[in-house]
1. Give me the distance in nm between label points sitting 7 Å out from Cα along the Cα-to-Cβ direction at residue 231 and residue 34, one decimal.
2. As a test of the formula, what do you get for the chain when each DSSP H run with n ≥ 4 contributes -39,500 (n - 2.57) and the sum is divided by the residue count, at 222 nm and rounded to the nearest 500 deg cm²/dmol?
3. Return P(r) of the chain (all Cα-Cα pairs; 20 Å bins starting at 0; whole %; ordered from short to long distances).
4. Modelling each spin label as a point 7 Å along the Cα-to-Cβ direction, I'd like the residue 99/residue 198 distance in nm, to one decimal.
5. Report the FRET efficiency, 1/(1 + (r/R0)^6), for residue 360 and residue 1, where r is their Cβ-Cβ distance and R0 is 30 Å, rounded to 0.05.
6. Nearest-5 percent of antiparallel DSSP beta bridges in the chain?
7. Under a 5 Å amide H to amide H cut-off, with H placed in plane at 1.01 Å, what residues pair with residue 150 once short-range neighbours are removed?
8. Residue 315 to residue 116: extension gain in nm, 0.36 nm per residue of separation minus the Cα-Cα distance?
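Values in this text are rule-based calculations from the coordinates and carry no lab data. All figures in this text were calculated on a predicted structure; none of them were measured in a lab. FYI the Cβ positions are ideal-geometry reconstructions off the backbone, even for glycines, and counts take in every protein chain you see.
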Amino acid sequence: MPQTLNLAVSQSRTLPTLQATLQALATTTRAAAAQNVDLILFPEAYLGGYPRTCGFGATVGSRSDEGREQFLQYFKSCVDLGDTPAGAGEDWVERKLAVARGEEYRGDGTREFLERVARETGVFIVTGLVEKSGGSLYCAVVYVCPRLGCIGKRRKVMPTGSERLVWAQGSPSTLRAVTTRIRGVKLTMAAAICWENMMPLLRYSLYSQNVNLWLAPTADARDTWWSLARTIGSEGRCFVLSAISCVKRKNLPDWIDGMQGSRSTGSAAGGDTAADLKSNVPSTSGSGSGEDFVCRGGSCIVGPMGNAIREPLWEVEDDGLLIAECDFEDCERGRLDLDVAGSYSRNDAFKLTVEGLDINPPP
């Protein structure tokens, strides 16, 4: 039986409201379904928004009232999946958490919307989002199965640079891989969000789970991301999907673009914005007119030998859909000479433990 699936990455940008972005996700997923896509990945923080260029009025030892107002607007734009600050794990997945009296479900309905789109299209959806729980925000990824609904969710364990100002740290226990079967093909998939892909021990914790589909939603639009994605494909003998938004300055969300007083341009001495720390290669076109790109994109698909399947897609802000037919037996073919967490690992000499995480392959 052929072990091939059609995989896609969507280079989508966050729209002015959560509802508009959800509708765009549904439209893109339907378009993918019409092209026989089995699984689609959307970018980091796609729902809720990546706060690119934001300083939130913060310097060392000081926060401004304008910055607090900007954070309020950002907080309102993010999603509520009905989870707890500590992360309820399987209790959240299995809907065992209490629902408020008079309410149909926990959260703001985003989970139910994603499950409905997956069910109606038959496409397995993986999307980045910014999740609010209690008074904190978490950069997260949710796995949405057409048959079972949400079968997993994880939160980024280490926000990068100024992301740490607005995003809390997630638990390493959420790094557990999830499994499913699509058209008879068994997938063991896990997501590493943005610069988590640069954490060698985190990568090894996923390799140890025998992952054959690596999901890498990101906000890093540098040329070096392509080489990292290819390294992971080769190192892990897995397919790598990487999705990133492509955004012109004029299309930044209103809570960014409409609050110039608390917005950092990164040009001041000592600037420390997320854009500084994940510097993008800027476009020279339209500079100063709003037509310049604050993020150039770079979504891509890599094979299990580190081979290029779909090279990075640059400066395509809308309708950036990359699709590839992938043969998952290529993962096993690659294990002939390299299995970094198995026969090649010398696990008699080198061992890794992760607090709260079973890094053995899931059933």
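1. Label at residue 231, label at residue 34, 4.0 nm between them.
2. Working: 10 runs with 85 residues, N = 363.
Helix-only estimate at 222 nm: -6500 deg cm²/dmol.
3. In whole percents, the pair-distance histogram is 31, 59, 10, 0.
4. Going by the 7 Å Cα→Cβ label model, 4.3 nm.
5. On the way: r = 27 Å, r/R0 = 0.89.
After rounding, the FRET efficiency stands at 0.65.
6. Details: 42 of 56 bridges.
If I count the DSSP bridges inside the chain, around 75 percent turn out antiparallel.
7. The answer is 145.
8. Working: separation 199, 0.36 × 199 = 71.64 nm, distance 3.11 nm.
68.5 nm is the gain from fully extending residue 315 to residue 116.
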